[in-house]
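The values are calculated or read from the model by the stated rules, or taken from the named source; none is laboratory data. Remember, predicted model here, so these are calculated numbers, not experimental data. FYI the Cβ positions are ideal-geometry reconstructions off the backbone, even for glycines, and counts take in every protein chain you see.
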Amino acid sequence: MALYAISDLHLSFQSKKPMDVFGESWKNHHEKIEKSWRTMILPEDTILIPGDLSWAMRLSEAIDDFEFLHSLPGKKIIGRGNHDYYWHSHQKMVDFLPKDIIPIDRRVIELENRILVSTKGWLCPGASSYVTSQDEKYYRLEAQRLEMVLEKAKECDKELISMLHFPPMNEKNEESLFTDLLEEYGVRLCIFGHLHGQGLKNKYDFKQNGVQYQLVSADYLEFAPLLLDPLLD
């Protein structure tokens, strides 16, 4: 089994929301995703998707998007992004999704010899768009949620991977509540997305205090899933 990741698919087969406002590379991006996915991924592989999978506002509008994902090989484990408005509860997601698509917002899942934890995360203090009066409470709440899932995960003596949607640091790669927790609990790899366009100019792929950080936004990866196994060797 190989482990891959790609975030921010922003599918819109029913909602018809164009993504080429972020650049020409987004034109017909679902075709690029499908081509690279089918070339690279085998049925026994696992693909981590840290949020913003669909532009749908409700599950009934996301049917075609998830059918597209279901048609692709591999087991897909999806986290929750800031645009996944259709995601109201874990049980509703489980009931709606086919068995090869597994939702794990604020949850822990075992991947053979590894443990995956996931929560959405939030903008960090010092980020260009961070507004204390609006973002501070959500920043602290999401940090508490990350700590909650990390506490659950520490019961298993296995390698830890964290899947967030937002980057766990600001553009200057300064420490945050998220990075402190990832270091404290010995997380080996943290993957995340959310960033597009100008946000891709900053460097987010690096190792710091024992944690490997990796941006996996679809356009950053040129719409091809990233093999994570080399980052865990």
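A few notes on this one:
- Hits in region 1-14 - residues which are in contact (Cβ under 8 Å) with a residue 60 or more places away in the chain, closer than 17 Å to Phe68 by Cα and assigned to a loop (DSSP other than H, G, I, E, B): Ile6, Asp8, Leu9, His10
- Residues being in a loop (DSSP other than H, G, I, E, B), surrounded by 13 or more Cβ atoms within 10 Å (Cβ to Cβ) and touching a residue at least 60 places away in the same chain (Cβ under 8 Å) - total across region 59-114: 6
- Considering region 185-233, the residues that are within 22 Å of Leu111 (Cα to Cα) and without any contact (Cβ under 8 Å) to a residue 12 or more places away in the chain include one that is surrounded by the fewest Cβ atoms within 10 Å (Cβ to Cβ), namely Asp233.
- Which numbered condition Trp122 misses (of (1) out of contact with any strand residue (DSSP E or B) (no Cβ under 7 Å at 6 or more places or on another chain); (2) surrounded by fewer than 24 Cβ atoms within 10 Å (Cβ to Cβ)): (2)
- Test: Leu231 is modelled with pLDDT under 95 and either out of contact with any Phe, Trp or Tyr (no Cβ under 6 Å at 6 or more places or on another chain) or under 29 Å from Gly74 (Cα atoms) (or both): yes
- If you go through region 65-122 and keep only what is of a type in the set (Lys, Arg), over 13 Å from the mean Cα position of the chain (by Cα) and under 17 Å from Glu44 (Cβ atoms), you end up with Lys75, Lys99, Arg114.
- If the condition is being free of Cβ contacts under 8 Å to residues at least 60 places away in the same chain and either assigned to a loop (DSSP other than H, G, I, E, B) or within 13 Å of Leu164 (Cβ to Cβ) (or both), then region 118-137 contributes Thr119, Trp122, Leu123, Cys124, Pro125, Gly126, Ala127, Ser128, Ser129, Tyr130, Val131.
- Pairing residues of region 15-31 that are more than 23 Å from Phe66 (Cβ to Cβ) with residues that are surrounded by 13 or more Cβ atoms within 10 Å (Cβ to Cβ) and not hydroxyl-bearing (Ser, Thr, Tyr), at Cβ distances under 7 Å and at least 6 apart in sequence or on separate chains, gives Ser25/Asp219.
- Residue match in region 103-117 (condition: of a type outside the set (A, V, I, L, M, F, W, C) and modelled with pLDDT of 95 or more): yes
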